[in-house]
Amino acid sequence: MVPKKLVFRAGLPLALTLAACGASAQPTLREVVVSAARTEQAVQDALPATTLITRREIEQAQTPDLPTLLRRVAGAEFSQTGGQGSVAGAFLRGAEPRHTLVLVDGVPINNLNFGLPALEHIPLADVERIEVVRGNVSSLYGSAAIGGVIQVFTRQPTATPFAAVSVQAGSRGLVDASATGSVKLASGTGLRATVEGLRDRGFNAIKQEERPGTNPDRDGYRRRAASVALTQDLGAHSLGLKLRDARGRLEFDDEFGPPAQRDSSRFVEQVGTLEGRFRVAPTLQVEAALTRAVDKLDANEAAFPFFVNSRSDGAQLAADWEAAPGHHVTAGLEHTRQRIASDTAYDRDHRNVDSARVGYTLAHGPHQLQLNARRDRYSDFGSANTWLAAYGYQFTEAWRASVSASTGFRAPSFNDLFFPFGIGNPDLRPESVRSAELGLQYARNGQELRATLFQNRFQDLIGLDAAFHTINIGRARNRGLELAYAGRVLDYGVRAGLTAQDPRDLDTDERLVRRARVFGHVAMTRERGPWQWGGQLRFSGDRADRFRGVPVRLAGYGVLDLTASYTVSPQVKLFGRVENVFDRDYETAFGYRQAGRGVFVGVRWQPPL
């Protein structure tokens, strides 16, 4: 447990805490997260299982691809229909990809047609840190957070001037270049800007022997991205504006067109936030924000061309009150207007969402408590109420046991409710989940080991009946054991995860598709002088999938990635990586191969300012 008086609450992008470190009584730095309870707490003190990926770890990974980076998170599986930029889905603790909520600087980015986030198009050049909360936190974030939350925080202006340029190139014609700069003036005005350009010529992502009649050409990817952050300090208060734009083109293979057809789509992903943080009293902070998220997809070169644009405009008001030492109360009001535009004439193209939430956290002696409740009211299908209750007991300085129970929901998407031709169903109920967890954690001297037994029971899952009408048709359950470790072994930094689970369709008693019974990873890094080495082994058992209604099997796999870097000077660093060292042929979605062996090198330059 972290003594309250040792916590810095300066509103920094990455706050740090100091805590006594065992018998040595020497302080060590501990990173702080905000996603697990919507208030700052040391990552080890979060009751919902939470993983933090820092900027340092992002640079060590050397990948410009967010799905690849997130494969080092315990409890997370991914499917992808090819290489970089192809459609990626995250299965957190066995939940569907539409059951994971993705936020950028607090703004939800899941699209409105399918309810899916475009993880594959999020650039990493301007990302400061990523927090992944595993398990149902719908009572904190509303719809879609029943599998968990992935929250991306972009870089803030730095107190001292900063600039950096990074270029890497390698296999499959990859070229990725980015530049970022930051300055803060004596007046308290801060500015940060980042630009990125990426080109990947790709590979033949689709297996013609499994999905015949498709084009065996390369499936490339291009992306241009830019972001800017402008902040103004006003004593104990601050104002901020953040804008982010990523756009590009993805090539893919369409099974329904001529085999020689070159299919492609264009995308635009935009996020904007205008926010204010106000310290109205020593123990009370109020935050207000206006937000916008835009997701545009134009499949202009395909057998059946289409376009669909999602836009969500939001207003948020939140409060964080330290009622007494160790007692925090959080509350929030949110209003969102969602609108969809497409060449498909939806029966209804807009809706409003009004939400209210309240939370309470306790840290007193050996006891920890987290309570959350939320109500979301949708203008189309009605309301949903959710709650979470979690308790932790620190029975020694290092060991803590915890237990939690929660409910959650996922609102029907515009496709589910309003797709024309009799497919959409305006009478759908939201998908729901009841979750329970039992955890045991060891955290001491920079070592953290967490074991979690979990069970999620899903009701009213949405699907299509035999006549292609959308109905509440499904029940599912996933129960399992998740192990997560982060720390040091000898001179090596180690991050590892192992999950054993039984994701099952309760109506058919079949295993849920694209989810393994056992999967995990081990990542290690070591620094010696100017050198840094790293390696990651990720592995998965076999998985079920379906192709044209027929069950198929995806074989298990193990993939090894290696990284290295050399610091030439304080301004110059050389780096390189080898992905899929042994050139394994494997799939995470039936008929779509993953990238083979790839070799990449690069340089990062940070000029003195």
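The values are calculated or read from the model by the stated rules, or taken from the named source; none is laboratory data. The structure presented is a predicted model; accordingly, all values stated were derived computationally and were not measured. Using ideal geometry, Cβ is built from the backbone for each residue, glycine included, and neighbour counts are taken over all protein chains shown. For accessibility, only protein heavy atoms count, side chains too; no ligands or nucleic acids. Shrake-Rupley method; radii C 1.70, N 1.55, O 1.52, S 1.80 Å.
At-a-glance table
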| item | result |
| --- | --- |
| Residue range of the chain that is longest and free of chymotrypsin sites (Phe, Trp or Tyr not before Pro) which are both DSSP loop and sparsely packed (at most 13 other C-beta within 10 Å) | 9-255 |
| Charge dipole (debye, nearest 20) of the range 378-518; +1 at Cβ of Lys and Arg, -1 at Cβ of Asp and Glu | 520 |
| Estimated inter-spin distance, residue 247 and residue 165, nm [label 7 Å along Cα→Cβ] | 2.5 |
| Residue (of 516, 61, 291) at the positive-pole extreme of the chain, dipole from beta-carbon charges | 61 |
| Cα centroid of the range 156-199 to Cα centroid of the range 573-609, whole Å | 21 |
| Magnitude of the charge dipole, the range 62-193, Cβ model with Lys/Arg +1 and Asp/Glu -1, debye to 20 | 180 |
| Cα centroid separation, the range 419-471 to the range 520-563 (Å) | 24 |
| Estimated FRET transfer efficiency (residue 546, residue 304; beta-carbon r; R0 22 Å; 0.05) | 0.55 |
| Carbon and sulfur %, accessible surface of the chain computed with the full protein complex present, 1.4 Å | 60 |
| Note, ³J(HN,Hα) from phi for the range 408-416, Karplus 6.51, -1.76, 1.60, rounded to Hz, x at Gly and Pro | x, 8, 10, 5, x, 7, 5, 4, 4 |
| Spacing of the two label points (7 Å from each Cα toward its C-beta) at residue 339 and residue 451, in nm | 5.4 |
| Using a Förster distance of 30 Å, the FRET efficiency for residue 467-residue 349 (Cβ separation, nearest 0.05) | 0.75 |
| Largest-first ordering by accessible area, 1.4 Å probe, given options 374, 548 | 548, 374 |
| Heavy-atom accessible area per residue - the range 493-609, 1.4 Å, Å² | 50 |
| Diffusion coefficient, µm² s⁻¹, Stokes-Einstein with Kirkwood Rh over alpha-carbon pairs of the range 423-517 at 10 °C and 1.306 mPa s | 99 |
| Excluding exposed DSSP-loop GluC sites (Glu not before Pro) (at most 15 other C-beta within 10 Å), longest clean stretch of the chain | 1-208 |
| Spin-label zone in the range 577-606 - amide nitrogen under 15 Å from a point set 7 Å from the Cα of residue 209 along the C-beta vector | 585-587, 591-594 |
| Cα lying deepest toward the dipole's positive end in the chain, options 123, 476, 552, charges on Cβ | 123 |
| Coordinate range along principal axes, alpha carbons of the chain, Å, largest first | 68, 57, 46 |
| Cα-centred dipole magnitude for the chain, charges only on beta-carbon of K, R (+1) and D, E (-1), debye, nearest 20 | 1240 |
| Computed E for residue 585/residue 234 - FRET, C-beta separation, R0 56 angstrom, nearest 0.05 | 0.45 |
